[in-house]
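Participant: Pasting a structure below so you can have a look.
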Amino acid sequence: MKRLLLTLLLTGAAASPAFAHLDPAAHGSLGAGFSHPLTGADHLLAMVAVGLWASLIGGRALWAVPAAFVAAMSVGFLAALGGLGLPFVEPVIAASVVVIGLLAMVALQVPAAVGMAVVGFFALFHGYAHGLELGGASGLSFMAGFAAATALLHGAGVALGLGLGGRAGRIAARIAGGLAALGGLWLVAGA
């Protein structure tokens, strides 16, 4: 467990928002889309925190909360492609890391629909940011790439939350949520 937490921390520390984006034209649309959530600390921490919180809510939320994030993120992406305006994109993305990390840290129990709405709100902004960074890439390939990577990161959060099982697993997931929130605060302070 300590190794997993250390790996998550080191991965988050190594990821830099400045290097979060491969050039879609140079690296292919699918590859650039897939790499985007994996290489930016803000995206990485938020996606794992969604899975952590879903694992702590349990039941239907285990799959519904991450699925809502991916769906709403896709809507945000399409909104950006359609030229719709969305204010405060970067501040809301930074807030998503802190808020979702805190929700996992306190293991806030809510109905699955409420969890879906909370992460869906933040996901719109993540998706919108992806759409703004598309450049010359093919939209659908890029979207498929970042949706797949996002789902994998959600799965990592769920696996971490459920991995140990029982009380120890819940405590580990809550600690990881707190670390994600701290990482979000660090990102905000560095911005």
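Throughout, read-outs are computed from the coordinates displayed, never taken from laboratory work. Please read these numbers as outputs of a predicted model, since none were measured by experiment. A quick note on method: Cβ atoms are made from the backbone with ideal geometry, for glycine too, and the neighbour counts reach across all protein chains shown.
Participant: Looking at the P(r) of region 27-190, how many percent of alpha-carbon pairs lie beyond 28 Å?
Facilitator: Result: 16 percent of Cα pairs exceed 28 Å.
Participant: Are there chymotrypsin sites (Phe, Trp or Tyr not before Pro) in region 120-191 that DSSP puts in a loop and that have at most 14 other Cβ atoms within 10 Å, and which ones?
Facilitator: Taking region 120-191 and a limit of 14 other Cβ atoms within 10 Å, no loop chymotrypsin sites (Phe, Trp or Tyr not before Pro) are found.
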